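The values are calculated or read from the model by the stated rules, or taken from the named source; none is laboratory data. What you are looking at is a predicted structure, and each value in this text was computed from that prediction instead of being measured. With ideal geometry, Cβ positions are generated from the backbone for all residues, glycine too; neighbour counts draw on all protein chains shown. Quick note on the areas: whole protein, heavy atoms, side chains included, nothing else; ligands and nucleic acids left out. Shrake-Rupley method; radii C 1.70, N 1.55, O 1.52, S 1.80 Å.
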Amino acid sequence: MLKHRRIVYFGLATLLLGACVGMSNGIRKASAEVAETVQIVKEYEMTNKVDYVEFMIEGSQGEFVVTVQLPDGHRVGNLKGKRTTLDSQENWRVIWGMEKAASGIYTFTITAPQSGYYNLSVDIPLFRDMAGHWGREEVSDYVRRGIVSGYGDGTFRPDSAVTGEELAKLLVMTLTDEQPNGKRQWRREFRWRMTNEERASLLGQQEYDLAAAHGVVWSKPYVAAIDDLGVRMPGSLKEPMSRQDVALMIAGVMRLIDDKRPKEYTYKDTSSLSRESQDAISLASHFAIFGGYPDGTFQPARAVTRAEAVKVLSRLESYLTS
């Protein structure tokens, strides 16, 4: 069974400081102020042991320090908040992760310059190397749907280069649905938008058993399925896919539903590429599926990572099926 990322948010808490009052009626109010600081305690109960967990505490009342008490009583101390700025708002944040985290109660003692709001969030990612990664939402979705998987060591390796055969599998799994007989078929909403009605009809009759026969390269059924689309796989199947290769592949699929030529996108480093490559990059950029960098470059020779491939195919899926 696939385990999905769980995020648990604790409510906002404010510690009210002041003189002790109301002693006559039996109500005791204690100040946590020590040397012009306050201490706020938050707890999180881990119900099961997990391979990796990441805790984050945020506050906006100045730099603070966190001490963590683990379920076995051991302490991790002097975790200092780092300043971040978002929309001109200054915040301080402590992020702390732990592998092979035991079940039980984790206690966080926040020593801060003043009382205020301090939020504790807990992230249990599917893979220990995806915590805090910009692509974790799309990767988690694709893992949940069985489109992509990680490695046996509990990692996804999001920043490793994606090979041609890996991308072929990703594309086919993204744009096909599993049938009652266990085979896969190109998704109906994709086929119905194809400009070539004859090809769409033929693809609607085609089902794929994507398990390679004994002695056959595992990627062969996926590449064969892409051939049926009429899309060419650029580059070598065993080698990392460059950004230029991915743009060519994506553009080939996009033209199945719209063969109009969009406005040309010009990047500083694409003028020497073939006309086909420039058109493919322009098409992918025009629909915000695969664009360039803030410095005005596309970096066509740069290898595409596994996380980038998932992100791009997620956008392509939305474009083709919406």
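Key figures for this structure:
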read-out: Value of [θ]222 nm, deg cm²/dmol, for the chain, DSSP H segments ≥ 4, -39500 (n - 2.57) each, nearest 500; value: -7500 deg cm²/dmol
read-out: Label-point gap, in nm, between ARG275 and THR47 - each point 7 angstrom along Cα→Cβ; value: 6.2 nm
read-out: In nm, spacing of pseudo-spin labels at TYR151 and ASP259 (7 Å Cα→C-beta vector); value: 4.3 nm
read-out: Listed residues MET130, MET249, MET46, most fluctuating in the chain (Gaussian network, C-alpha, under 10 Å); value: MET46
read-out: Between region 145-177 and region 178-234, the alpha-carbon center distance in angstrom; value: 17 Å
read-out: Accessible area per residue in Å² at 1.4 Å probe, computed on the chain; value: 55 Å²
read-out: Accessible-area composition of region 106-175, carbon plus sulfur, in percent [1.4 Å probe]; value: 44 percent
read-out: For the chain, with +1 on Lys and Arg beta carbons and -1 on Asp and Glu, the positive-most of TRP192, LEU175, THR67 along the dipole; value: THR67
read-out: Filtered GluC sites (Glu not before Pro), region 113-216: DSSP coil and at most 15 other beta carbons within 10 Å; value: GLU207
read-out: Cleavage-rule hits, trypsin sites (Lys or Arg not before Pro), region 227-282, DSSP coil, Cβ neighbours within 10 Å at most 15; value: ARG232, LYS238, LYS260, LYS263, LYS268
read-out: Among [x] 26.0, 88; [y] 20.8, 67; [z] 19.9, 75, the entry that matches Rg and Dmax of the Cα atoms in Å as calculated here; value: [x]
read-out: Estimated vicinal HN-Hα couplings, Hz - region 188-204 in sequence order (Karplus 6.51, -1.76, 1.60; Gly, Pro = x); value: 4, 5, 6, 4, 5, 9, 5, 6, 8, 5, 5, 5, 4, 5, 5, 5, x
read-out: Distance in nm between pseudo-label sites at ARG232 and GLU189 (7 Å out along the Cβ direction from Cα); value: 3.1 nm
read-out: FRET efficiency for GLU90 and GLN39, using Cβ-Cβ distance with R0 set to 25 Å, rounded to 0.05; value: 0.70
read-out: Nearest-0.05 FRET efficiency for THR109 and THR321, computed from C-beta distance (R0 51 Å); value: 0.55
read-out: Given 15 as the ceiling on other Cβ atoms within 10 Å, longest exposed-site-free region of the chain for chymotrypsin sites (Phe, Trp or Tyr not before Pro) in DSSP loops; value: 11-116
read-out: Dipole moment magnitude, nearest 20 debye, the chain about Cα centre, only Lys, Arg, Asp, Glu C-beta charged; value: 220 debye
read-out: Relative contact order for the chain, counting Cα pairs under 8 Å that sit 6 or more residues apart, in percent; value: 16 percent
read-out: Full-extension gain in nm, GLU197 to HIS74, via 0.36 nm per residue minus C-alpha separation; value: 37.6 nm
